[in-house]
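Remarks on the structure that follows.
Here, each number is a calculation from the coordinates, and none is a lab measurement. Just so you know, these numbers come straight off a predicted model, no measurement behind them. As a convention, Cβ positions derive from the backbone with ideal geometry for all residues, glycine included, and neighbour counts pool all protein chains shown.
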Amino acid sequence: MDSPINEINRIRNDWKCVLRSNEFLNRYMLEIDNKDLTTTSYVFSVPIFNITDGNLVNLKFSQENGCLHHTGSNADIIVRNNVVCLKNSCGIVHIEISKSEKEIGSNNMSMVNLSPTLNGVKLRKVINKEKFIKLNIDINETPYGIKFNEKYFSFMSHDITPIFTISVIGDRYIESFTPGSVVLNTKAIDDRHYEIYIECSDELKTVEVECNMYEQKLMLDTTVENRRPDENNLYGASAIIGSGEKYGEQWLFSKINYGIIRNILLKRIKSVRLFIPRLNKKVTEITAYNLMRRFCSIGTTWNNNDSRSTNTAKTVFTDSYYIIDITGFTVDSETQNFIEMLGFVLKPKCDGNSYSLISTGDCYDQPQILEITYYN
């Protein structure tokens, strides 16, 4: 995503949109008044406005004294040579990129390309003879704890809230991305210092990694998979939806954090759609199922999930998005008021060796977008 405003223009296919003033300063939201006297709110899964000055995050580096600078939604980011520093009120994190990577910069021709996200950086490495990226990370104070698996690593401020997360995305430029193509391994040096090795399979030509300071997210979600039935991907920035003989079946559970949209909860609602970015070329047909019981994004796994559902939602796809119409899950058809959705689960429509790579609610480079149209 190059700009939240440009992304909305692309979704609407209208480059003359006039944005409504953000009078409530909801840091996740942009609004547009429509010709039919309705208003559409575009709520991003992570904040798009800076917490201090209220300005829209500018997704471009500035250069000063030989360093790259970026101001995210609540963090300041500085890149000096092969070290990325991310700083906010919760901590200071340094990421040292292996010095064997001779070309590191914001130029697309660099072996390791850096670009800003909404609250951190994205690393994209061209895969050569070395099929891995080595990162040394440290934090200024001993964290409450850490959480990690083969998809992400997080410094935690307490049980459920990260300070900072590294998450592997994969390769967006190949036709078919499979689970297991990218693996994140963690080695502890001490309580504040860790080595991260991101290993890539031969099929990958590039690999992308997000490094972000945490912000509260709109969509509370996690993937589950039958290959690792007691594990989930709570803080990962990407999800794989699909099924296959070698890697099993993978689903995504999700629900709305209603506290983030409290300024429009009492409106009469016309429609609610969720735009989930597609991160690779492969299209796997998916269905959204409305859950009968509330799920816990922190503890849900393949072994303990309850995916019983009441109805399904229409899902279509474009070159950039899966679009899920969840109006029937979230709105009372008679009163047109919001009703609390317990959650939904995305599943592949059919068996077969087909996997789609999509963003989750923790993605700061290609965030999910909730489109809510309401009557004035």
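Structure data summary
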read-out: Relative contact order of the chain, defined on C-alpha pairs under 8 angstrom at six or more residues apart (%); value: 17 percent
read-out: Total charge dipole magnitude, segment 250-376, about the Cα centre, Cβ charges on Lys, Arg, Asp, Glu only, Debye to nearest 20; value: 80 debye
read-out: Estimated vicinal HN-Hα couplings, Hz - segment 196-213 in sequence order (Karplus 6.51, -1.76, 1.60; Gly, Pro = x); value: 10, 10, 10, 9, 10, 7, 5, 6, 7, 9, 9, 9, 10, 9, 9, 10, 9, 7
read-out: Amide proton proximity set for Asn119, modelled H, under 5 Å, gap of 5+; value: Ser73
read-out: Out-of-range pairs (alpha-carbon distance over 19 Å; input Lys151/Lys187; Lys217/Lys282; Lys187/Lys217; Lys87/Lys131; Lys205/Lys281); value: Lys217/Lys282; Lys187/Lys217; Lys87/Lys131
read-out: Sequence-distant residues sharing a close amide H with Phe49 (under 5 Å, placed H); value: Val57
read-out: Sparse-neighbour loop sites [chymotrypsin sites (Phe, Trp or Tyr not before Pro); segment 1-74; at most 15 other C-beta within 10 Å; DSSP]; value: Trp15, Phe24
read-out: Theoretical gain in end-to-end length, His158 to Tyr375 [0.36 nm per residue, Cα-Cα removed]; value: 74.1 nm
read-out: Loop-located GluC sites (Glu not before Pro) in segment 313-376, at most 15 other Cβ atoms within 10 Å (DSSP); value: Glu334, Glu340
read-out: Net charge dipole size for the chain [Lys, Arg +1 and Asp, Glu -1 on Cβ; Debye, nearest 20]; value: 520 debye
read-out: Answer label for Rg/Rh (Cα atoms, Kirkwood Rh) (calculated), chosen among (i) 0.95; (ii) 0.97; (iii) 1.03; value: (i)
